[in-house]
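Have a look at the structure below, then the notes.
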Amino acid sequence: MDPEKLKGHFLELIRRASTVLPPDVEAAIARGAEEEPDDTAAASTLGLLLENARQASEGSTPICQDTGALYFFVEYGPDFAPAEIEAAASAAAADATARYYLRPNAVDPVTGENSGNNLGLGAPALQLSARAENGMRVRLLLKGGGSENASVQYKLPDSRLGAGRDLEGVRKCVVDAVFAAQGKGCSPGVVGVGIGGNRDTSYSCAKKQLLRSLDDTNPDPLLTELEERLFAELNELGIGPMGLGGRTTVLGVKAGKLHRLPACFFVSVSYCCWAARKAFMTIREGEVTYDWD
Amino acid sequence: MIGIKLPVSADEIRTLKAGDEVSITGVMVTARDAAHKYLVETDGEDVRDVLKDSMIYHCGPVVRKDESGEYSFVAAGPTTSIREEPYEAPVIEKYGVRGVIGKGGMGAKTLEACGEFGSVYLSALGGLATTLAQSVVEVLDVKKLEEFGVPEAFWVIRVENFPAIVTMDSHGRSLHDEIAELSKGNYERLLKGGR
């Protein structure tokens, strides 16, 4: 595909992710607002979040000034080469920064220098997987630093939590992570849970759950049960929007699993702020379409 | 809604109570991680005059520069404040800062400094970036832009009717501590097996 054209598709994908709140997230915030008693700070906070999202969408300005790190999950067919995808994604990220869809968010940890265009080592992050079918499917996640700091990994058993090597132990880890986050990760958050795997794949599994629709059903009935139970329980914590009290502490809980080593049992919690920004695109026979699920 | 005009006196700040909703108008300064380190380690000559009796906003904005070189804020919600906990109390004391605006609350040292020196911590709504940017009516100056980068620089801004809630006051009360305490009981029940 023509490099400029491909870059243009990636640029539009980034613009949508940064400035348009996904419809499932918007609906979940609206449901939260209904749940909160009238005339409470929690109810008015959720209303303001929806109003902010409306303004951002109208003006193509970022929903949140922390436009996050960019994670591209790409499946590509034989008509695309990995190098052209990486080039297009990077060029689009730099262009999106110049257009103020993104804040310059790539800082060299040794020198402290901000690259100024969101490009750097590991930035943007791309996960490429080849497929037999022609065309391309790209899912983009923008995840801010505040919520990334609220993410955490556990190793079961955990004696502090009284958490053993089973789903009940997993449940306790998630309760602990959301309690510890309080309002710092910009609650009400979306909670991605990775069960099993190793240190890095476990975190990656947790983060990928954030791409799922808040309205989907986990194909694994045991995980469906865990997700539903945690959603109800976490909303009993009383942390509320921005940690200032209320019923709406999380918008959703999504869990995935990976086979683990016999010796290892990791539970990773990827906390995402209420501005759970994602956008997807499909390129087929030169035509692009954008969607959320 | 209580109107606060900057610069503001310690006496006026001491009338504010946790839970008060305020609307702030005047000149304040953004400062976050690199900026706080600088404020503690130097005499802060670039910003000390403007900080006196003003407020610090924990914010790393998206900033537009137009063709004539003028800056304006595009998106400007608060960043997580707790990272500045090691620095904030000395900054409040050293520079006479009357308020710190951010999200998520701060710790015991900051709460103590609010009481001792007459300051408050205010919560702005996290992720309210587009809406809050509209309260930033003018960018007056920027310091340390080259060195710290756009998110971390000191942006000297004029705000009008900037909305925030006092969540830590100068009388030792922190709404963050109260919510943490309240949720702790629920947390302990859920850890024991919940329902």
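Here segment B:117-134 is the region considered, the condition is being polar (S, T, N, Q) and in contact (Cβ under 8 Å) with a residue 40 or more places away in the chain, and the residue that is surrounded by the fewest Cβ atoms within 10 Å (Cβ to Cβ) is B:S123.
Is it true that B:E93 is out of contact with any Leu (no Cβ under 7 Å at 6 or more places or on another chain), crowded, with 23+ Cβ neighbours inside 10 Å and either farther than 17 Å from B:V156 by Cα or without any contact (Cβ under 8 Å) to a residue 12 or more places away in the chain (or both)? Spelling it out, it is not the case that B:E93 is out of contact with any Leu (no Cβ under 7 Å at 6 or more places or on another chain), crowded, with 23+ Cβ neighbours inside 10 Å and either farther than 17 Å from B:V156 by Cα or without any contact (Cβ under 8 Å) to a residue 12 or more places away in the chain (or both).
Scanning segment A:235-255 for residues that are on the phi < 0 side of the Ramachandran plot and not in a strand (DSSP E or B) gives A:N235, A:E236, A:L237, A:I239, A:P241, A:L244, A:R247, A:T248, A:T249.
For segment B:153-177, filtering for residues that are surrounded by fewer than 24 Cβ atoms within 10 Å (Cβ to Cβ) and facing chain A (nearest Cβ under 8 Å) leaves 2.
Restricting the search to segment B:1-57, which residues are of a type in the set (D, E) and either on the phi > 0 side of the Ramachandran plot or out of contact with any strand residue (DSSP E or B) (no Cβ under 6 Å at 6 or more places or on another chain) (or both)? Steps first, please.
Applying the first criterion (of a type in the set (D, E)) to segment B:1-57 yields B:11-12, B:20-21, B:33, B:41, B:43, B:45-46, B:49, B:53.
Listed by number, the residues that qualify are B:D11, B:E12, B:D33, B:E41, B:D43, B:E45, B:D49, B:D53.
Is segment B:27-35 home to any residue that is surrounded by fewer than 21 Cβ atoms within 10 Å (Cβ to Cβ) and more than 14 Å from chain A (Cβ to nearest Cβ)?
Keep residues of segment B:27-35 that are surrounded by fewer than 21 Cβ atoms within 10 Å (Cβ to Cβ), which gives B:27, B:33-34.
Now drop any that are not more than 14 Å from chain A (Cβ to nearest Cβ), which leaves B:27.
Scanning segment B:27-35 turns up at least one residue that is surrounded by fewer than 21 Cβ atoms within 10 Å (Cβ to Cβ) and more than 14 Å from chain A (Cβ to nearest Cβ).
Within segment A:91-124, the set of residues being hydroxyl-bearing (S, T, Y), surrounded by fewer than 21 Cβ atoms within 10 Å (Cβ to Cβ) and either away from chain B (no Cβ under 14 Å) or farther than 16 Å from B:A34 by Cα (or both) comprises just one member, A:Y100.
Say whether the condition of being within 7 Å of chain B (Cβ to nearest Cβ), free of Cβ contacts under 8 Å to residues at least 40 places away in the same chain, out of contact with any Leu (no Cβ under 7 Å at 6 or more places or on another chain) and not β-branched (V, I, T) is met by at least one residue in segment A:35-52. Yes, that holds for at least one residue. Counting only residues that are under 12 Å from the mean Cα position of the chain (by Cα) and under 17 Å from B:L140 (Cβ atoms), which one in segment B:52-75 is surrounded by the fewest Cβ atoms within 10 Å (Cβ to Cβ)? Once the filter is applied, the top-ranked residue is B:S54. Considering only segment B:10-20, how many residues are farther than 22 Å from B:S135 by Cα and either assigned to a loop (DSSP other than H, G, I, E, B) or of a type in the set (A, V, I, L, M, F, W, C) (or both)? The total comes to 5.
Taken over segment B:74-101, the criterion of being closer than 24 Å to A:N52 by Cβ and either out of contact with any Lys or Arg (no Cβ under 9 Å at 6 or more places or on another chain) or of a type in the set (F, W, Y) (or both) is satisfied by B:A76, B:G99, B:V100, B:I101.
Any residue that is more than 20 Å from B:T130 (Cα to Cα), in contact with a helix residue (DSSP H, G or I) (Cβ under 8 Å, 6 or more places away or on another chain) and either outside any loop (DSSP other than H, G, I, E, B) or more than 8 Å from chain A (Cβ to nearest Cβ) (or both) - is there at least one of those in segment B:70-84? Please lay out each step first, then the result.
To start, the set of residues in segment B:70-84 that are more than 20 Å from B:T130 (Cα to Cα) comprises B:82-84.
Retained after the next criterion (residues that are in contact with a helix residue (DSSP H, G or I) (Cβ under 8 Å, 6 or more places away or on another chain)): B:83-84.
Next, from what is left, pick out any that are either outside any loop (DSSP other than H, G, I, E, B) or more than 8 Å from chain A (Cβ to nearest Cβ) (or both): B:83-84.
The answer is yes; a qualifying residue exists.
Residues checked against (1) in contact with a helix residue (DSSP H, G or I) (Cβ under 9 Å, 6 or more places away or on another chain); (2) in a loop (DSSP other than H, G, I, E, B); (3) assigned by TED's automatic domain parsing to the domain that holds A:L121:
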| site | (1), (2), (3) |
| --- | --- |
| A:H9 | yes, no, yes |
| A:L13 | yes, no, yes |
| A:A30 | yes, no, no |
| A:A43 | yes, no, no |
| A:E51 | yes, no, no |
| A:S57 | yes, no, no |
| A:P78 | no, yes, yes |
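The single condition among (1) more than 27 Å from B:Y57 (Cβ to Cβ); (2) away from chain B (no Cβ under 14 Å); (3) outside any helix (DSSP H, G or I) that A:L70 does not satisfy is (1).
Among the residues of segment A:5-24, are any within 13 Å of chain B (Cβ to nearest Cβ), within 21 Å of the chain's Cα centre (by Cα), farther than 28 Å from A:G135 by Cα and β-branched (V, I, T)? No, every residue in segment A:5-24 fails to be within 13 Å of chain B (Cβ to nearest Cβ), within 21 Å of the chain's Cα centre (by Cα), farther than 28 Å from A:G135 by Cα and β-branched (V, I, T). Sub-9 Å Cβ pairs linking a first residue in segment A:219-234 that is assigned to a helix (DSSP H, G or I) to a second residue that is loosely packed, with under 13 Cβ neighbours inside 10 Å, at least 6 apart or interchain, are A:T224/A:T217; A:E227/A:T217; A:R229/B:R195; A:A232/B:R195; A:E233/B:R195, ordered by first then second residue. For A:R31, indicate whether it is of a type in the set (D, E, K, R) and within 14 Å of chain B (Cβ to nearest Cβ). Spelling it out, it is not the case that A:R31 is of a type in the set (D, E, K, R) and within 14 Å of chain B (Cβ to nearest Cβ). Scanning segment B:40-58 for residues that are under 21 Å from B:L122 (Cβ atoms) and assigned to a loop (DSSP other than H, G, I, E, B) yields B:V47, B:K52, B:D53, B:S54, B:H58.
Please verify whether segment B:14-25 includes one or more residues that are small (G, A, S), closer than 13 Å to B:V100 by Cα and within 14 Å of the chain's Cα centre (by Cα). There is no residue in segment B:14-25 that is small (G, A, S), closer than 13 Å to B:V100 by Cα and within 14 Å of the chain's Cα centre (by Cα).
The values are calculated or read from the model by the stated rules, or taken from the named source; none is laboratory data. As the structure is a computational prediction, the values presented were derived from the model and not from experiment. Note that we place each Cβ from the backbone using ideal geometry, even for glycine, and neighbour counts take in every protein chain shown.
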